[in-house]
Amino acid sequence: MSQLLKGKHIVLGITGGIAAYKSAMLLRLFVKEGAEVQVVMTPAAKEFITPVTLSALSGKPVVSEFFTANTGEWHSHVDLGLWADLMVIAPATASTLGKMANGIADNMLVTTYLSAKEHVMVAPAMDLDMYASPSTKRNLSTLAADGVEIIEAKSGELASHLVGKGRMAEPEEILQRVIAYFSKERDMEGLTVGITLGPTHEMIDPVRFIGNYSTGKMGFAIAEECASRGAKVIAVAGPTSIKPSNPAITVESVTGATEMFEAVESNLAGCDIWVFSAAVADYRPEYVADHKIKREGVDEMTLRLVRNPDIAAYAGAHRDQGQTMIGFSLETDNALANARKKLEKKNLDMVVLNTLADEGAGFGTDTNKVTILNSRGEEKTFPLKSKREVATDIVDSIMRYRKG
């Protein structure tokens, strides 16, 4: 017996959907691989599969309520969060996904999720129309941005006897995702990674700015990937609503390009790797009004713009020996030529190229399609993937480059 999960602590969350019967099989697979599993059920889940079955398979009492009614014993969601190495919610219904995304802690499972320090995976399961609805897509997007790993639903015959996307991934696939997570090489242990991410806002007056559509999703995905592999991460973040889930990530929040430059300059020598993924404005207004500019009596307004510092170029020119520098290049035309030029001109080791010509790539999406170029003349184009998967490809490429 392989026992690939020996010594690992897994919280298995089960919600109220017909796919809950698969959770018993998943639990059995976890236990066979040596994991210690604590099942946490929503009250509705008990309508589909009994706690007795799950308790027999896990060897532990199932947790469903906040306390045991006849004894008053309190079930601490905080303790579960500290105990677990991983939380897997399978199946995850539309209702539970919505509660997780919006912090509605009205049952033990969602409360445990909100207290989780560990990595979280969810395997959605619902009817095809629910899975395709804008609200479900929005909730999954929010959870992905929060660092939750989504194990996508599959297509097939559903409980409604309709055929479409909404079936929970098979227990064997979920097991392999869990094994892959725990098998991930901590090849960045002892390294410090600096990363710029998000947009910059260049102020015109106290209420207006020049900016762009960057959300910081790609940058934070890279930061999370580095932290999961053992690195300490300093994230210099422009205005973004995304918050990291890994405590190894320190965020230095900035607004404009000048602030971002100063933050990078002060941290430059202390990082082994720098990833310049921020969408930094090339120009800023020369003068910033100290009050809101009124339009009354003014038919035209002219803004005089001045160049912002080139952060990646500065870092490339002032790098220490042994540092690795990675830039990003978002292009609309002559993509490869422009990326190669940036690689050489800014003295970088690697450039991650994406183009708005590729559907599903660019600002605000949950997916990306990139080509990675390095100073050794190597170029590799990857297919469209989730930004979490793209982050893995980028970090893998960085570590291969560093190893020579």
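Descriptive notes on the structure:
- Computed from the alpha carbon positions, the gyration tensor of the range 161-307 leads to an equivalent ellipsoid with semi-axes of 40, 24, 10 Å, biggest first.
- Using C-alpha pairs under 8 Å with a sequence gap of at least 6, the mean separation divided by the residue count of the chain gives a relative contact order of 11 percent.
- If you take all other residues with their beta carbon under 10 Å from the beta carbon of Thr355, and give Lys and Arg +1 and Asp and Glu -1, the sum is -2.
- At q = 0.15 Å⁻¹, base-10 log of I(q)/I(0) for the range 265-342 (Debye sum, equal scatterers on each alpha carbon): -0.74
- Pairwise centroid distance, computed over Cα atoms, of the range 341-404 with the range 127-145, Å: 27
- With contacts taken as Cα pairs under 8 Å and at least 6 residues apart, the range 312-404 reaches a relative contact order of 21 percent.
- Shape metrics for the chain, restricted to C-alpha atoms - Rg then Dmax, Å: 23.8, 81
- Of all accessible heavy-atom area on the chain, the percent that carbon and sulfur account for (1.4 Å): 51
- Nearby lysines by direct alpha-carbon distance to Lys369 (threshold 21 angstrom, same-chain neighbours under 8 apart not counted): Lys137, Lys217, Lys341, Lys342, Lys380, Lys385, Lys387
- Quick note on the range 224-358: its Rg to Rh ratio, both from C-alpha atoms and Rh being the Kirkwood radius, is 1.03.
- Summing charges over all other residues whose Cβ lies under 14 Å from the Cβ of Ile179, with Lys and Arg as +1 and Asp and Glu as -1, gives -1.
- Tilt relative to the chain, helix 134-145 - C-alpha long axis, 0 to 90 degrees, to 10: 70
- Ordered by solvent-accessible area of protein heavy atoms (1.4 Å probe), largest first, the residues His119, His9 come out as His9, His119.
- Positive minus negative residues near Val37 (Lys, Arg vs Asp, Glu; Cβ under 12 Å): +1
- The equivalent ellipsoid that matches the C-alpha gyration tensor of the range 134-232 spans semi-axes of 34, 25, 7 angstrom, in descending order.
- Å² per residue, accessible surface of the chain at 1.4 Å: 48
- Hydrodynamic estimate: the Kirkwood radius of the range 15-164 over Cα pairs, inserted into Stokes-Einstein at 20 °C and 1.002 mPa s, corresponds to D of 135 µm²/s.
- The chain: angle of helix 335-345 to the longest principal axis, Cα-based, in degrees nearest 10: 70
The values are calculated or read from the model by the stated rules, or taken from the named source; none is laboratory data. Only a predicted model underlies this, so the values are computations on that prediction, with no experimental measurement involved. Positions of Cβ are generated from backbone atoms using ideal geometry, with glycine treated the same way; all protein chains shown enter the neighbour counts. To get the accessible areas, we keep the full protein, side chains included, count just its heavy atoms, and leave off ligands, DNA and RNA. Shrake-Rupley method; radii C 1.70, N 1.55, O 1.52, S 1.80 Å.
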